[in-house]
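Report on the following structure.
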Amino acid sequence: MKFQIPQFIDVEDKIFGPFTLKQFIYLAGGASVGVIAVITFGTFLGLLISSPIIILAAALAFYKVNNRPFIYILESAFKYTLKDKLFIWQKKDLSKSPETESAKTKYSSLVVPNLSGNKLKDMNWELDVKKKEDELLEKSG
């Protein structure tokens with residue numbers, strides 16, 4: 001028995017000519033706001049007032065950012081502005097506290113190794129060298 005496997009399941013169907021259902025709803029909403037504004041306020045003032053809404057409707061229908069619909073960008077922007085921000089790190093001026101002075105004298109004699117960009121390689125190399133040294137020490141004595 002052969003079964004057909006659905007392909008292109010992420011592509012929406014074109015229902016109203018070249019437009020999908022979502023695109024048609026966005027465009028119809030923007031056009032209706034434009035028509036109502038022109039009827040209410042006159043041609044010039046109505047188009048001036050409704051032009052941001054028409055542009056938003058066109059962006060919702062057609063504009064994509066990184067192959068994602070514009071509605072997801074708007075949703076993320078609203079969530080970002082409405083949620084609380086959590087700041088993990090804030091720099092404080094600790095140069096005048098007595099604890100900092102004792103820490104400076106305590107840690108000034110420590111040698112900090114110079115690591116390259118790939119820390120994993122460096123640690124692996126150090127472990128291999130240490131392992132070979134231990135093997136040599138065991139063999140010699």
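For the reader, a short list of remarks on this structure follows.
- Between ILE39 and LEU127, full extension at 0.36 nm per residue minus the direct alpha carbon distance yields a gain of 23.7 nm.
- Taking Cβ atoms as reference points and 15 Å as the exclusive limit, the residues near LEU136 contribute a net charge of -1, counting Lys and Arg as +1 and Asp and Glu as -1.
- Derived scalar couplings ³J(HN,Hα) [the range 56-71; Karplus, 6.51 cos²θ - 1.76 cosθ + 1.60; whole Hz; x for Gly, Pro]: 4, 5, 5, 5, 4, 7, 10, 6, 10, 10, 6, 6, 10, x, 5, 4
- Label sites at LEU86 and THR20, each approximated as a point 7 angstrom past Cα along Cα to Cβ, lie 3.3 nm apart.
- Loop-resident sites, the range 20-88, for chymotrypsin sites (Phe, Trp or Tyr not before Pro), counting at most 13 other Cβ within 10 Å (DSSP): TYR63, PHE87
- Cα gyration tensor category, rounded, prolate or oblate, for the range 14-82 with a/c compared to 1.5: oblate
- Where trypsin sites (Lys or Arg not before Pro) fall in DSSP loop in the range 4-89, at most 10 other Cβ within 10 Å: LYS83, LYS85
- Maximal additional length on extending the ILE71-PHE3 stretch stands at 20.9 nm, based on 0.36 nm per residue less the C-alpha distance.
- Surrounding net charge for PRO6, when Lys and Arg each add one and Asp and Glu each subtract one, Cβ distance under 15 Å: -2
Where a number appears in this text, it was derived from the coordinates with a stated rule and is not lab data. This one's a predicted model, so the numbers in the text were calculated from it and none came from an experiment. Here Cβ is always computed from backbone atoms with ideal geometry, including for glycine, and neighbour counts include all displayed protein chains.
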